1. Quick one: 3J(HN,Hα) in Hz for segment 67-82, Karplus 6.51/-1.76/1.60 with θ = phi - 60°, rounded, Gly and Pro as x.
2. Enter the accessible area of residue 50 (Å², nearest 10), with the probe set to 1.4 Å and all protein chains included.
3. Please enumerate, by chain and number, the lysines with C-alpha under 22 Å from the C-alpha of residue 112, excluding those fewer than 8 residues away in the same chain.
4. Can you give me the C-alpha center-to-center distance between segment 56-80 and segment 101-145, rounded to a whole angstrom?
5. Give the lysines whose C-alpha is closer than 18 Å to that of residue 49, dropping any in the same chain fewer than 8 places away, or say none.
6. How large is ³J(HN,Hα) for each residue in segment 53-62, as worked out from phi by the Karplus curve 6.51 cos²θ - 1.76 cosθ + 1.60 (θ = phi - 60°), to whole Hz, x for Gly and Pro?
7. Could you give me the ³J(HN,Hα) list for segment 97-102, computed from phi with Karplus coefficients 6.51, -1.76, 1.60 and θ = phi - 60°, whole Hz, x at Gly and Pro?
Amino acid sequence: RLARRPPPGTPLHDCDDDSYEVLDLTEYARRHHWWNRVFGRNSGPIVEKYSVATQIVMGGVTGWCAGFLFQKVGKLAATAVGGGFLLLQIASHSGYVQVDWKRVEKDVNKAKRQIKKRANRAAPEISTLIEESTEFIKQNIVVSSGFVGGFLLGLAS
């Protein structure tokens, strides 16, 4: 995106349309990262600030927490979905509910087509996210490996 601003030192009341210069905001954003304004100039990759042992511990603890929560939420979701299907089958078998399985199949197939269509549109955004994630992991390999180990331990506990 382009924005206009008067040349430095020019009072605003003396400006006319011909005295504006073009400011390229994409270049400005590349030079001035948002995290530098939020966290300060020393906020580069974590590799520059902490020892290897500290990075592994930080990654391991956060990974364990994430894995533990993932395990608990996953069990809860699986129980809820499985219990819902079980109750639906019992109600259907007992005659309380009549399920039109042809209509269910038609709706599921329609949902599959819509998901495929949306997935094809989202492919460039997903590849960009994967590239950014890969770059982050490369820059912070020690923390990332600690996170993965902690995540697996969290899933197992």
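1. Result, rounded to whole Hz: x, 5, 5, 4, 5, 5, 5, x, 5, 4, 5, 5, 5, 5, 5, x.
2. Its heavy atoms expose roughly 100 Å² to the probe.
3. Of all the lysines, those that pass the test against residue 112 - Cα under 22 Å, at least 8 places apart if same chain - are 102.
4. Segment 56-80 and segment 101-145 have Cα centres separated by 21 Å.
5. Cα-Cα hits under 18 Å: 138.
6. Once θ is set to phi - 60°, the couplings for segment 53-62 become 4, 5, 5, 5, 5, 4, x, x, 5, 5 Hz.
7. Running phi through 6.51 cos²θ - 1.76 cosθ + 1.60 with θ = phi - 60° gives 10, 9, 9, 8, 5, 5 Hz.
The values are calculated or read from the model by the stated rules, or taken from the named source; none is laboratory data. From a predicted model like this one, the values you see are computed outputs, not experimental measurements. With ligands, DNA and RNA removed, areas are computed over all heavy atoms of the protein, side chains included. Shrake-Rupley method; radii C 1.70, N 1.55, O 1.52, S 1.80 Å.
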